[in-house]
1. Go through (1) assigned to a loop (DSSP other than H, G, I, E, B); (2) modelled with pLDDT under 70 and name the single condition Lys131 misses.
2. If a residue must be at pLDDT below 85, in a helix (DSSP H, G or I), touching a helix residue (DSSP H, G or I) at 6+ places or on another chain (Cβ under 7 Å) and aliphatic (A, V, I, L, M), how many such residues does segment 12-24 contain?
3. What residue, of His77, His63, is assigned to a helix (DSSP H, G or I) and modelled with pLDDT under 75?
4. List the pairs whose first member sits in segment 161-181 and is more than 19 Å from Ala96 (Cα to Cα), whose second member is crowded, with 19+ Cβ neighbours inside 10 Å and not aliphatic (A, V, I, L, M), and whose Cβ atoms are under 6 Å apart, counting only residues at least 6 apart or on separate chains?
5. Restricting the search to segment 25-44, which residues are surrounded by 12 or more Cβ atoms within 10 Å (Cβ to Cβ) and either closer than 18 Å to Ile59 by Cα or at pLDDT below 95 (or both)?
6. Just to be sure, is Gly188 touching a residue at least 24 places away in the same chain (Cβ under 8 Å), surrounded by 22 or more Cβ atoms within 10 Å (Cβ to Cβ) and farther than 24 Å from Ile113 by Cα?
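The values are calculated or read from the model by the stated rules, or taken from the named source; none is laboratory data. Predicted model, so just to flag it, every value in this text is computed and none were measured. Note that each Cβ is placed from the backbone with ideal geometry, even for glycine, and that neighbours are counted across all protein chains shown.
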Amino acid sequence: MPSREFVLEILRKSVHLVSILIVLIYEFYGKEAILWVLMLFLVTVLVLDYFRIEHGIRIPFFHIMYRKSESDRFGGHIFFALGAISVISLCSREIAYSAILMATFGDLTAALIGKFYGKRRVFQKIFKNDKSIEGSASEFLIDFFIGLLILGNPIVSLVMAFLATLTETAVNKIDDNLIVPVFAGFFGQITLNLLSYL
């Protein structure tokens, strides 16, 4: 990967570190406040993307954040906001925190480890992509650690980490910024609910 492209990729990934801010706002100001913040963000970026996609206007600074494949479609930040809104609306606070942070740090870890240390591209036949076992394994470990740290429940953490890693590894065309938090959060919440009845 060219150095400029690598720097841009790191910059794109670092934008997702705003997930820490989402967690902090939720923690200190509550669910309604963070949902309003996320909706305001979503409306703003949808308006910007209207001018970018429909009229071809290059928004200063923001245009460098898009990949070539996103030149005529929504960027990952819109899907990330939708994923965060979904899990915050449906799930418990701790499940939402875990799902959002898994989508950020799991993805970041998989991308960096996969690019630098990924040797075994074992998913080509199954998922038709060149993601590596090293990247996926590191994502799983980070996701499991996040779940354990926030939830303190190894079973729910295991389910969430597995679903987050599986969806991240399996999808090629669906945006992982949406599918990872939604699947991890949804199945994490179901698992937590089932365990509460045992």
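1. Just one mismatch for Lys131, condition (2).
2. Here is the first cut: in segment 12-24, the ones at pLDDT below 85 are 12-18.
Still in the running and in a helix (DSSP H, G or I): 12-15, 18.
Narrowing the set further to residues that are touching a helix residue (DSSP H, G or I) at 6+ places or on another chain (Cβ under 7 Å) leaves 12-13, 15.
Filter once more, so that each one left must be aliphatic (A, V, I, L, M): 15.
Within segment 12-24, residues that are at pLDDT below 85, in a helix (DSSP H, G or I), touching a helix residue (DSSP H, G or I) at 6+ places or on another chain (Cβ under 7 Å) and aliphatic (A, V, I, L, M) number 1.
3. His63
4. That search, which allows pairs on different chains as well, returns Thr169/Lys131; Thr169/Ser136.
5. Of everything in segment 25-44, those that are surrounded by 12 or more Cβ atoms within 10 Å (Cβ to Cβ) and either closer than 18 Å to Ile59 by Cα or at pLDDT below 95 (or both) turn out to be Phe41, Leu42.
6. It is true that Gly188 is touching a residue at least 24 places away in the same chain (Cβ under 8 Å), surrounded by 22 or more Cβ atoms within 10 Å (Cβ to Cβ) and farther than 24 Å from Ile113 by Cα.
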